[in-house]
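The values are calculated or read from the model by the stated rules, or taken from the named source; none is laboratory data. Treat the numbers as computed from the prediction; the structure is a model and nothing was measured. Note: areas computed on protein heavy atoms with side chains; ligands, DNA, RNA excluded. Shrake-Rupley method; radii C 1.70, N 1.55, O 1.52, S 1.80 Å.
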Amino acid sequence: AQSVAQPEDQVNVAEGNPLTVKCTYSVSGNPYLFWYVQYPNRGLQFLLKYITGDNLVKGSYGFEAEFNKSQTSFHLKKPSALVSDSALYFCAVTTSGTYKYIFGTGTRLKVLA
Amino acid sequence: EPEVTQTPSHQVTQMGQEVILRCVPISNHLYFYWYRQILGQKVEFLVSFYNNEISEKSEIFDDQFSVERPDGSNFTLKIRSTKLEDSAMYFCASSGTGGANHQPQHFGDGTRLSIL
């Protein structure tokens, strides 16, 4: 069965510092991985995806993520956090033969000024 | 940038009543989805819809649920006889492709359904 783990409920980081939000996954078959961000009272906004190719993928708002097959991880990173990055971040996985995304429980990112 | 729009933003319904949640997917998208998020819990897949039929559904999507694309623009989720445990945020999503191409799903802002 497919699953996603986001081990941290909350991550605090100072503005200007690098941030990492962790995600590990479990699928049978090749994973297709996504990061979404949710602001209060809004839907999920797509940030970036990994389907195939380069392990480092770049996305919106300066975010990037690194796919690591051996560690089954897809951590979200940003070199310099902004206060406006404070939000709820979701990792999702899917694979061939299915349309559904399996989401993690979400990580609340708080960037402190 | 095109968006998925959902109406209403908040729906309050008595237990046992029928409710219809409405969505307008992005206009050139072909795949449509419903997810729900119970307060404080993870986002869960309900159903996917392509070519006027359900392509996949979860165990949550039982006989009380149905989906329809009544015209060229709307995509609806109907709950026939609501239960207290149906209270959740319901998200509609759409994507240009499905399958191996896996273009990302684009989500609406959700409808908060409250069952009394």
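Kindly flag which residue pairs out of A:Lys22/A:Lys49; A:Lys22/A:Lys58; A:Lys49/A:Lys77; A:Lys22/A:Lys100; A:Lys49/A:Lys100; A:Lys100/B:Lys42 have an alpha-carbon separation exceeding 19 Å in this structure.
A:Lys22/A:Lys100
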Whole-Hz Karplus ³J(HN,Hα) for the stretch A:105-113, in order, using 6.51 cos²θ - 1.76 cosθ + 1.60 and θ = phi - 60°, x for Gly and Pro?
7, x, 10, 8, 9, 10, 9, 9, 6
Once normalised by the length of the stretch B:36-110, the mean sequence separation of its alpha carbon contacts under 8 Å that are 6 or more apart gives a contact order in percent of 24
Accessible area lost on pairing A with B, both sides, 1.4 Å probe, Å² to nearest 100?
2000
Which whole-Hz ³J(HN,Hα) couplings does the stretch B:72-78 yield from phi under the Karplus relation 6.51 cos²θ - 1.76 cosθ + 1.60, θ = phi - 60°, glycine and proline marked x?
x, 10, 8, 9, 10, 10, 10
Return the long-range amide H neighbours of B:His29 (sequence gap of 5 or more, or a different chain), with a cut-off of under 5 Å between placed amide H atoms.
none
If amide hydrogens are placed 1.01 Å from N in the peptide plane, which non-local residues have theirs closer than 5 Å to the one on A:Phe67?
A:Leu56, A:Val57
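Contact order normalised by length for the stretch A:60-105, with contacts defined as Cα pairs under 8 Å and 6 or more residues apart; what percent is it?
Details: 35 pairs, mean separation 10.7, N = 46.
About 23 percent, as a whole number.
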Once phi is turned into θ = phi - 60°, what whole-Hz ³J(HN,Hα) does the Karplus curve with 6.51, -1.76 and 1.60 give for every residue of the stretch B:103-110, x standing for Gly and Pro?
5, x, 7, 10, 9, x, 7, x
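Calculate what fraction, in whole %, of the accessible area of the protein assembly as shown sits on carbon and sulfur atoms when a 1.4 Å probe is rolled over the protein chains. Intermediate values should be presented prior to the final figure.
Numbers: 5130 of 11030 Å².
Here carbon and sulfur together make up 47 percent of the probe-accessible area.
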Relative contact order %, the stretch A:16-67, counting alpha carbon pairs below 8 Å whose residues are six or more apart:
23
Which residue fluctuates the most in chain B, going by a Gaussian network model with Cα springs under 10 Å, if the choices are B:Asp86, B:Asp62, B:Asp71?
B:Asp71
Distance between Cα centroids, the stretch A:1-44 to the stretch A:49-71: provide it in whole Å.
12
